[in-house]
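The values are calculated or read from the model by the stated rules, or taken from the named source; none is laboratory data. Values in this document were obtained by computation on a predicted structure and should not be read as measured data. Please note: Cβ atoms are built from the backbone with ideal geometry, for glycine as well, and neighbour counts cover all protein chains shown.
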Amino acid sequence: MLTEQEREEIERELAKYGNSGQARAACVEALKIVQRYRGWISDAGIRDIAGILEMTPEELDGVATFYNLIFRRQVGRHVILICTTISCWVMGYEEILNHLQERLGIQPGETTADGSFTLLPVPCLGACDGAPAIMIDDTLYTNVSRVLLDKILSNYSGVQR
Amino acid sequence: MMDRPLTGDMRPDREPLSIKEYEEKGGYQAARKALLGLAPKEAQDLVRDSNLRGRGGAGFNTGLKWSFVPMGDAAPRPKYLIANADELEPGAFKDRMLIEGNPHQLIEGMIISAYAIQADISYVFLRWAYKAAAKRLEAALTEAYSSHYLGENIFGSGYSLEFHLHTSAGRYICGEETALLNALEGKRATPRAKPPFPQVSGLWGKPTVVNNVETLCNIPHIINNGAEWYKGLGRSGDSGTKIYGVSGRVKNPGLWELPIGTPMREIIGEHAGGMREGYRFRSVIPGGASTEFLTEEHLDLEMDYDSVQKAGSRLGTGTMIVIDDRTCPVGAVHNIEQFFAQESCGWCTPCREGLPWVVKTLHAIENGQGESGDLEILQQLTDSLWLNKTFCALAPGAMEPLKSGLKIFRDDFLRHITEKRCPWK
């Protein structure tokens, strides 16, 4: 079931689409709202949201699974996105990715055993003049080197919810 | 700041201009002028005459694009104007800077453009990763609404405009204008068939114009200073300025607003500072990943739509990715094709099945497992996945760097196959 807060925020989005039959236009925003509170979108999350948007759970899941930043599997407390596209490739993202894998002990797509970090490769972050670039949650880091990465990670380790 | 209309007024620290600062620099005067002094058709004609061409990469005359929207009392309602801010072309980061540095310039450009087509509702379709841009745009929208520059009866002109920000959740295909419409409607973001074109049947089947952010940011300046002034800004016969970008192993990667038609040598050699110590220029992708590689012989090319097209590539987004002599060109092509294969929406078979085939073949070649017929297969695929053989332009866009890469880097491809290894590793 949606919490009161989730429902309120989704209804605010719904108000943008006055005409009947347009409720589903709010679905990406609704998925992001629920993901913000729950960390990811479970099957129950899909059912909760579909109900209020005049969509079937299957229709909503079709949209949810289309987007790489709607998480249909559980992720860690922090999600690390590493750009693997051309400018970051030229500037050596592979070394940064290897270092991340070593430091975290996980492969791309996996979550650390303590649930702290999930590591996801993503297409271009639009920060090509600062390649290689990564994002952790909502924060962008550019010109990332192994040394800088260690410093960045130290700000996150031990962070408790 | 007349020679750099888009960025000349921005703060050096790239913090956003508040509405007060923007107005002190003449902001919202163009919107007043258009809404109170010009008929919608006059605004359309002015922009058409300026020859402002679509800065998202297609290079179509903006005013002409608008002119296909049904006008008058019989036109279907509501009509929509959408800013395409889903900047996901690899190598492109210009729209981020325009929104972050001066969100009101985009809003003003959208008010005028919406008025010119008599749109009722406008959206900014913003990519997920641009968190700072989203925050600054939200703040600017609140300011614009409180000043009554958005909403009902703007400037007492009788014209009203509703405005929303939509932030997406990833996927390159959302930037394709018909896929973007499906995304906004809350459907899977697969492209639609054209015709009908969005100007006639777009969002929820209503007349819709989708313009790139940089395109829209030009509008207030054209209204203020006129079509002739705008035409005079270019260096090579094309109109206006262009936000050029350079990334790769250059000394000073970044973005610069320059007269359109500035030669590539000047952009890479002077503005980007030339190559870093120990690296030599090998080639360049001139306008984002979906454009053809160019080489040293093209360095004096004037970077405008027609000149780059004549040289066999496209100006695209105008954001160049430099490939140096210590970077494996086969690896570069492989990386680019991997991006397109991953970002295919899966709707049409040639794109869904063809791009992974390209990637598998390139992967094999890069890892020393290429076979003698591989280059011919890749060559055939550049034809099978070309325009009019796929549902939208994604796969043909992916074929541009492949096609040119196979030609320009032919010796490098052959070395990988005959030596059974990557010579760069």
**Complete:** Of the residues in region B:234-248 that are buried (at least 24 other Cβ atoms within 10 Å of the Cβ) and not polar (S, T, N, Q), the one that is farthest from B:PHE281 (Cα to Cα) is B:GLY240
**Request:** Test B:ALA34 against the stated conditions and say whether it is assigned to a helix (DSSP H, G or I), assigned by TED's automatic domain parsing to the domain that holds B:SER146 and in contact with a His (Cβ under 8 Å, 6 or more places away or on another chain).
**Result:** no
**Asked** Quick check: is even one residue across region B:241-252 over 26 Å from B:ILE408 (Cβ atoms) and in contact (Cβ under 8 Å) with a residue 40 or more places away in the chain?
**Response** yes
**Request:** Would you check which residues across region B:230-240 are touching a residue at least 24 places away in the same chain (Cβ under 8 Å) and out of contact with any Phe, Trp or Tyr (no Cβ under 9 Å at 6 or more places or on another chain) and list them?
**Result:** B:TYR230, B:LYS231, B:LEU233, B:GLY234, B:ARG235, B:SER236, B:GLY237
**Prompt:** Regarding B:VAL322, is this residue among the aliphatic types (A, V, I, L, M), closer than 26 Å to B:THR295 by Cα and in contact with a strand residue (DSSP E or B) (Cβ under 8 Å, 6 or more places away or on another chain)?
**Reply:** yes
**Item:** Single residue of B:VAL246, B:VAL200, B:VAL210 found to be within 14 Å of chain A (Cβ to nearest Cβ) and of a type outside the set (D, E, K, R)
**Value:** B:VAL246
**Request:** Could you grab me the full set of residues in region B:60-80 that are surrounded by fewer than 19 Cβ atoms within 10 Å (Cβ to Cβ) and touching a residue at least 24 places away in the same chain (Cβ under 8 Å)?
**Result:** B:PHE68, B:PRO70, B:MET71, B:ALA75, B:PRO76, B:ARG77, B:PRO78
**Request:** Test each condition in (1) surrounded by fewer than 14 Cβ atoms within 10 Å (Cβ to Cβ); (2) under 21 Å from B:GLY331 (Cβ atoms); (3) of a type in the set (S, T, N, Q) for B:GLN380 and report the one that comes out false.
**Result:** (2)
**Item:** Number of the exception - A:GLY18 against (1) among the small types (Gly, Ala, Ser); (2) modelled with pLDDT of 95 or more; (3) surrounded by fewer than 17 Cβ atoms within 10 Å (Cβ to Cβ); (4) assigned to a loop (DSSP other than H, G, I, E, B)
**Value:** (2)
**Message:** If I filter region A:43-51 for residues that are surrounded by fewer than 23 Cβ atoms within 10 Å (Cβ to Cβ) and under 12 Å from the mean Cα position of the chain (by Cα), do I get at least one hit?
**Reply:** no
**Fill in**
B:ILE219 fails exactly one of (1) away from chain A (no Cβ under 13 Å); (2) of a type outside the set (Phe, Trp, Tyr); (3) closer than 30 Å to B:LEU36 by Cβ; (4) surrounded by fewer than 24 Cβ atoms within 10 Å (Cβ to Cβ), namely (4)
**Pairs, first in contact (Cβ under 8 Å) with a residue 24 or more places away in the chain and closer than 23 Å to B:ARG96 by Cα in region B:257-279, second charged (D, E, K, R) and buried (at least 19 other Cβ atoms within 10 Å of the Cβ), C-beta under 6 Å, six or more apart** = B:ILE260/B:ASP238; B:ILE260/B:LYS242; B:ILE260/B:ASP304; B:GLY261/B:ASP238; B:GLY261/B:GLU302; B:GLY261/B:ASP304
**Item:** Where a residue in region A:106-119 is crowded, with 18+ Cβ neighbours inside 10 Å and its partner, wherever it lies, is assigned to a loop (DSSP other than H, G, I, E, B) and acidic (Asp, Glu), with Cβ under 8 Å and at least six apart
**Value:** A:THR118/A:GLU110; A:LEU119/A:GLU110
**Item:** Check on A:GLU54, over 27 Å from A:ILE80 (Cβ atoms), surrounded by fewer than 20 Cβ atoms within 10 Å (Cβ to Cβ), within 11 Å of chain B (Cβ to nearest Cβ) and touching a helix residue (DSSP H, G or I) at 6+ places or on another chain (Cβ under 6 Å)
**Value:** yes
**Asked** In region A:108-118, is there at least one residue being in a loop (DSSP other than H, G, I, E, B), of a type in the set (Val, Ile, Thr) and within 14 Å of chain B (Cβ to nearest Cβ)?
**Response** no
**Positions within region A:21-47 being of a type in the set (Asp, Glu) and either more than 12 Å from A:ALA64 (Cβ to Cβ) or not in a helix (DSSP H, G or I) (or both), in sequence order** = A:GLU29
**Prompt:** Is at least one residue of region B:252-265 part of a loop (DSSP other than H, G, I, E, B) and among the basic types (Lys, Arg)?
**Reply:** no
**Prompt:** Among the candidates B:ALA83, B:ALA119, B:ALA114, which residue alone is touching a Leu at 6+ places or on another chain (Cβ under 6 Å), free of Cβ contacts under 8 Å to residues at least 60 places away in the same chain and buried (at least 20 other Cβ atoms within 10 Å of the Cβ)?
**Reply:** B:ALA114
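If I ask for residues that are on the phi > 0 side of the Ramachandran plot and surrounded by 24 or more Cβ atoms within 10 Å (Cβ to Cβ), which ones from region B:286-343 would you list? Before you say what the answer is, go through the steps one by one.
Our first condition is that a residue be on the phi > 0 side of the Ramachandran plot; within region B:286-343, this holds for B:288, B:312, B:316, B:318.
Correct list: B:GLY288, B:GLY316, B:GLY318.
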**Item:** Top-ranked residue of region A:60-102 - restricted to ones that are small (Gly, Ala, Ser) and in a loop (DSSP other than H, G, I, E, B), ranked as nearest to the other protein chains (Cβ to nearest Cβ)
**Value:** A:GLY92
**Failed item, numbered, when A:GLU102 is tested on (1) under 23 Å from B:TYR172 (Cα atoms); (2) of a type in the set (D, E, K, R); (3) in the same structural domain as A:ILE136 (by TED's automatic domain parsing)** = (1)
